[in-house]
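Visitor: This is the structure I have questions about; it appears just below.
The values are calculated or read from the model by the stated rules, or taken from the named source; none is laboratory data. Only a predicted model underlies this, so the values are computations on that prediction, with no experimental measurement involved. Glycine also receives a Cβ, built like all others from the backbone with ideal geometry; neighbour counts cover every protein chain displayed. Heads up: the accessible areas ignore ligands, DNA and RNA and are worked out on the full protein's heavy atoms, side chains in. Shrake-Rupley method; radii C 1.70, N 1.55, O 1.52, S 1.80 Å.
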Amino acid sequence: MRGDACHPDAVNAHQPEPDDWAGPVDRRSMALWLVTLVLIALAIAVEISGIGRLVSPWFAGTAAIVALGLAGLAAGASRKALTVLETRVEILSWVLHASPDAHLIVAPGGRIHFANRAICEAFPGSVEPPLDRVRRALAPDPHTEAQFHRLRGRVAAGAPASATLALSGVPTRAAGLFKFRISPIDDHPEYSYWRVRNVSAATQSENALRDERDMLASLLDNAPVGFYSVDEAGCFRYVNRTLTQWLGSTRAEMRASGVRLADFLGCPRSGGIPLWSPFSGRIGGAQRGEVILRTRQGRAVPAWIGQNIIEAGSGLRTASVVCDLTPEREWKATLRSLERFRQCFVNAPLGIALLDRNGLFEEANRVVGELFGIAPSSLAGRRLIDFLNAEDRRRVTAKLPTTGDWPEYFEPIEIRLQRPGDKTLVLYFGRLDGRSIGAGNLQASAETEVAADGLAAHFIDVTEQKNLEIQFAQSQKMQAVGQLAGGVAHDFNNLLTAMIGFCDLLLLRSPPSDPSFADIMQIKQNANRAANLVRQLLAFSRQQTLQPRVLNITDVLYDLRHLIERLIGEDIDLEVVHGRDLGPVKVDQGQLEQVIINLAVNARDAMPNGGTLTIRTASIHQESNVVRGHEVMPAGDYVQIEITDTGVGIPKENLARIFDPFFSTKEVGSGTGLGLSTVYGIVRQTGGFVFVSSTTGQGAVFQIYLPCCDGADSAPVARSETGENAAVKDLSGRGTVLLVEDDDPVRIFGARALRNKGYKVIDAKSGEAALEFMSNGAEPIDLLITDVVMPHMDGPELVREVRELHPDMKVIFISGYTEDAFRRRLHSDARIEFLAKPFSLKELAGKVQDVLAAR
């Protein structure tokens, strides 16, 4: 047994010989040998099956030692005289050589008394003591070194020892983790039994199981949901880290005694609810529902809890899962916000579209589809510039470079769509940044550099605004021209009044046989023509004096038909179509006849080769406002007079200027250019509307709309008796007349004319002079005749001052302006008469006679 115990000869030397088993034995020896063999078989079975790892690591060794003792007793009873230890080793050698673990019996001095095949294979060919062999095979690991020194010390002290050492395999064949168990053998001092097992695979399995367990625990601890378990008292038995963070607490605090589930519930609990249940009013079975958790800091956390109840021998436990609903509710709020934003986008009152970097439509709202005359979904993928005219296409392309950076803001662009007659739009661009929208990222930092992802285009329909601008410009133009015409007419009326008046004075002294009579008549006739021209100017500027009365249009046209037929000639057919149930209108009959005559004459001139002139009337009821060009006709009841010709028509470029004063397409000398402007002025001053439409070569249509009057306006207004009726009257009279006129020729003519008719005339050049005369009371005044427009104190102001002194003073205003202009300033004083300039001697004398004769 000394020397190399792992040498083959040494191993075979310990095999029992066949003769060792021969010879009779007594019954006691036979029994001991039988028990020994049973224990050995049991030890081998346990070793081979691996049950020893589960039952006890020492079981196989203990069984082997007991078997050795029994074998010794049996051997002592046999006839062979062997030593006790040698006999034991001989018997066990068969068994231990078959074991996969290394078994070793070490004698005093470190000699190997027995070694099985496993240890010989792990530590071959060495004769040095086992601990020295192990020390040389140790891996360079400080922990292993420390374990080895502790093992050596306990062996030297004769105490049981165990250690797990890492061996490097050099110079031995043992590599990996090996577990050494060394036990002293009782009754044999300095003898020890060694068992060495390779635990590399087992340790690796244990490490893998431990890693999986740790990984599972980490996953459970750091899962995005909370886990907890409470007992029947509501005390926490387990809680993961996620839930402790949500609740602003720690695991130690939540598992401490006295901390219960109810401490973290945000709603009060009613009686009878178990302490382990987070829900009020529900107990038993699997539980699911939403609750409000309250953190240690007092913050409310909406949560969903699902749990099952586990009843074990140790009592009731819950297996509970908690989901924080805060992110879900934030997302829902975000989605609701996005949906509201989308509704605002879809139903916005202006056009909104999203374009990519190439100017292609990505999305458009309803208004864009209406503006472009196409369904919004059909715009996707189409280029914006394809809908624009050529000029706007170049301007928009220049604003939107396809390469490089876009500015953050763009100047608005006015565009017109490609379809003729379409609306005018103002286009605003805004850069869209490529930011993603998500929970917690609804607002990106302003400092973040983000590339432009596309454009937001806003389309504003300015068609109506443009029309209003045109209407306003037209109104301003007409007003300016009207003011100019009114001012010119006033000055001309003063001149014409003097011319006509002095002609009348000359005619009084010149009999028809006088050679100068004809010349004077020519001067007066041309002055009257000039007065007619001035009236047309006043008609255009809506400043002429009207004498409206309630009329039936059918009667007016019936009386006027013969005159129109004579004016248009025999080559043109006249057709008059009377409408039914025409309402009454309140107009100046003479001015209305002038309108119809002017339009008939224009139609005649447009049909040099003959044609048809049609005058048609109709009753029109408008439910809503009607926009025609730059005019807006309110809703209401109207009488329509439509005058249609079959002439050459009006070119499109002339339609916008057709009512401008002095605009004419006729040859020079063929017209004044005031015919249609007079029509426009008379109709608008009456409160009506006139529209024109025409196609070149197909004639023109003029439509006049006169508002129907109600019952309060049905009383006709009497017209003053002038002209021929006044001429047959005796115009002489008596009384004192104060004539106030700043224009010398008019004042001189008026004074001479009235003196010739028997009146005493006191003339004054200004309102101040007339008021001073009236204040002195030197002579009673029967009638005050005053101009309206005078420097310093004008006519209305003079009348107010005179009425303070003489409330019953009769007054006649004379003016080249309209009667309405001064009546508004006198609060519609009905006791004031008006005589429009220019007037003749007979008209002046007749008016004075009528006023003085009136009570």
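Visitor: If I histogram all Cα-Cα distances within the range 130-288 using bins 5 Å wide from 0, what percent of pairs lands in each bin?
Guide: 2, 7, 12, 12, 10, 7, 5, 6, 7, 8, 8, 7, 5, 3, 1, 0
Visitor: Cys323 to Phe345: FRET efficiency via 1/(1 + (r/R0)^6), r the Cβ-Cβ distance, R0 35 Å, to the nearest 0.05? If you can, show how the numbers build up before the last one.
Guide: Values: r = 33 Å, r/R0 = 0.95.
In this case the efficiency is close to 0.55.
Visitor: Taking 0.36 nm per residue of separation and subtracting the Cα-Cα distance, what length does fully extending Arg509 through Arg357 add? All intermediate terms of the calculation are to be shown ahead of the outcome.
Guide: Numbers: separation 152, 0.36 × 152 = 54.72 nm, distance 9.28 nm.
Full-extension gain reported as 45.4 nm.
Visitor: Quick check: with the 1.4 Å probe, what order do Trp304, Trp94 take by accessible area, largest first? Walk me through the numbers before you get to the answer.
Guide: Values: Trp304 85, Trp94 140 Å².
In descending accessible area the options line up as Trp94, Trp304.
Visitor: Within the set Lys524/Lys842; Lys524/Lys765; Lys765/Lys842; Lys524/Lys810; Lys810/Lys847; Lys586/Lys837, which residue pairs have Cα atoms separated by over 20 Å? Mind dumping the intermediate values first?
Guide: Numbers: Lys524/Lys842 13 Å; Lys524/Lys765 26 Å; Lys765/Lys842 23 Å; Lys524/Lys810 31 Å; Lys810/Lys847 12 Å; Lys586/Lys837 24 Å.
The pairs that break the limit, which is 20 Å between Cα atoms, are Lys524/Lys765; Lys765/Lys842; Lys524/Lys810; Lys586/Lys837.
Visitor: What ranking, highest mean first, results for peptides 387-396, 216-225 when packing means the other Cβ atoms within 10 Å averaged over each residue? Don't skip to the answer; put the middle values down first.
Guide: Numbers: 387-396: 15.4, 216-225: 12.0.
Ranked from most to least packed, the peptides come out as 387-396, 216-225.
Visitor: Same structure, new question: Within straight cross-link reach of Lys466, meaning Cα distance under 25 Å, which lysines are found once same-chain residues fewer than 8 apart are removed?
Guide: Once the sequence-local lysines are set aside, what remains near Lys466 is Lys399, Lys423, Lys477, Lys652.
Visitor: Determine, for each peptide in 681-691, 135-145, the mean count of other beta carbons within 10 angstrom over its residues, then list the peptides with the highest first.
Guide: Details: 681-691: 21.2, 135-145: 14.1.
Answer by packing, highest mean first, reads 681-691, 135-145.
Visitor: Round to a whole angstrom and tell me the spacing of the C-alpha centers of the range 592-622 and the range 346-378.
Guide: 48 Å
Visitor: Right, something else. Can you tell me the length gained on complete extension of the stretch Arg296 to Glu232, counting 0.36 nm per residue apart and subtracting the Cα distance? List each step's numbers first, then the result.
Guide: Details: separation 64, 0.36 × 64 = 23.04 nm, distance 2.27 nm.
Gain on extension, Arg296 to Glu232, equals 20.8 nm.
Visitor: Could you tell me what a quarter of the Cα convex hull surface of the range 155-207 works out to, in nm² with one decimal place? Can you show the working numbers first?
Guide: On the way: hull surface 18.0 nm².
Over every viewing direction, the Cα hull of the range 155-207 projects on average to 4.5 nm².
Visitor: Stretch Ala312-Ile273 to full length: gain in nm at 0.36 nm per residue minus the Cα-Cα span? Walk me through the numbers on the way to the answer.
Guide: Details: separation 39, 0.36 × 39 = 14.04 nm, distance 2.09 nm.
Extending this stretch completely gives an extra 11.9 nm.
Visitor: Sticking with this structure for a sec: How high is the FRET efficiency between Asp214 and Ala286 when r is their beta carbon distance and R₀ equals 35 Å, given to the nearest 0.05?
Guide: Values: r = 30 Å, r/R0 = 0.86.
Calculated transfer efficiency: 0.70.
Visitor: So for each of 779-792, 558-571 I average, over its residues, the number of other beta carbons within 10 Å; can you give me the resulting order with the highest mean first? Mind showing how you got there, number by number?
Guide: Details: 779-792: 18.1, 558-571: 13.5.
So the order, starting with the most tightly packed, is 779-792, 558-571.
Visitor: What accessible area per residue comes out for the range 305-368, rounded to a whole number of Å², with a 1.4 Å probe?
Guide: Details: 3640 Å² over 64 residues.
Here the per-residue accessible area is 57 Å².
Visitor: Using a cut-off of 10 Å between beta-carbons, work out the net charge of the residues near Val746 (Lys and Arg +1, Asp and Glu -1, Val746 not included). Walk me through the numbers before you get to the answer.
Guide: Details: positive: Arg747, Lys837; negative: Glu741, Asp742, Asp743, Asp744, Asp787.
My count for the surroundings of Val746 gives -3.
Visitor: How charged is the neighbourhood of Gln245? Take every other residue with its Cβ under 12 Å from the Cβ of Gln245, and add Lys/Arg as +1 and Asp/Glu as -1. Please list the in-between numbers first.
Guide: Working: positive: Arg241, Arg251, Arg296; negative: Asp221, Asp324.
Once all neighbours under 12 Å are counted, the net charge is +1.
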